[in-house]
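The values are calculated or read from the model by the stated rules, or taken from the named source; none is laboratory data. Just so we're clear, the structure is a prediction, and the values are computed from it rather than from any experiment. Cβ atoms come from the backbone with ideal geometry, glycine included; neighbour counts cover every protein chain shown. Ligands, DNA and RNA are stripped out before the accessible areas are found, and what is left, the full protein with its side chains, is counted by its heavy atoms. Shrake-Rupley method; radii C 1.70, N 1.55, O 1.52, S 1.80 Å.
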Amino acid sequence: QVQLVESGGGLVQPGGSLRLSCATSGILFSIYDMGWYRQAPGKQRELVATITSSSNTNYADSVKGRFTISRDNAKNTVYLQMNSLKPEDTAVYYCRGYTGHRDYWGQGTQVTVSS
């Protein structure tokens with residue numbers, strides 16, 4: 001059974017930091033490209049950051065320089081370090097794992113940036 005389980009969300013003040021984790025099981029993690037996406041209320045889901053199986057990264061312009069995606073193949077986990085958070089970063093953050101044949105999503109974790 002494939003599972004992607006996000007954790008690390010919560011309430012943080014503007015300018016603060018959070019680190020999201022996505023622990024996976026049931027997949028050969030090292031061959032999967034991984035991504036973080038987010039969906040704010042009333043908006044479409046959007047890409048935040050991706051990391052390939054060879055650790056090449058890509059970021060949305062809105063988070064460049066503030067967020068960092070990384071992976072630990074030994075722990076089958078992908079991370080999203082979020083710094084200098086803004087109220088507009090408030091959303092449900094989803095983890096995605098995909099290859100050419102498979103595409104899996106987690107259930108999401110809420111991030112709220114508010115004073």
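Remarks
- Selection from W36, S17, T52 lying farthest towards where the dipole of region 1-75 points positive, charges on Cβ: S17
- Surface per residue (accessible, 1.4 Å probe) for region 37-115, Å²: 55 Å²
- Size descriptor, Kirkwood hydrodynamic radius, that averages inverse alpha-carbon separations across the chain, Å: 14.0 Å
- Within a straight-line Cα-Cα reach of under 19 Å, K43 can be paired with the following lysines, leaving aside sequence neighbours fewer than 8 residues apart in one chain: K86.
- For the chain, carbon and sulfur atoms together expose 44% of the accessible surface, with a 1.4 angstrom probe and every protein chain in place.
- Electrostatic dipole magnitude of region 3-85 [Cβ: Lys, Arg +1; Asp, Glu -1; Cα centre; debye, to 20]: 140 debye
- Karplus-derived 3J(HN,Hα), 6.51/-1.76/1.60, for each residue of region 98-115, Hz, glycine and proline x: 8, 10, x, 10, 9, 8, 10, 10, x, 8, x, 9, 7, 10, 10, 10, 7, 8
- Candidate aspartates and glutamates for bridging to K75, where Cα separation is under 16 Å - those fewer than 8 sequence places away on the same chain excluded: E6, D33
- Across region 68-85, rounded Karplus estimates of 3J(HN,Hα) from the backbone phi angles (6.51 cos²θ - 1.76 cosθ + 1.60, θ = phi - 60°) give 9, 9, 8, 9, 10, 5, 5, 9, 6, 9, 10, 10, 9, 8, 10, 10, 6, 5 Hz, Gly and Pro being marked x.
- DSSP-loop trypsin sites (Lys or Arg not before Pro) across region 1-103, with at most 12 other Cβ within 10 angstrom: K43, K64, K75, R102
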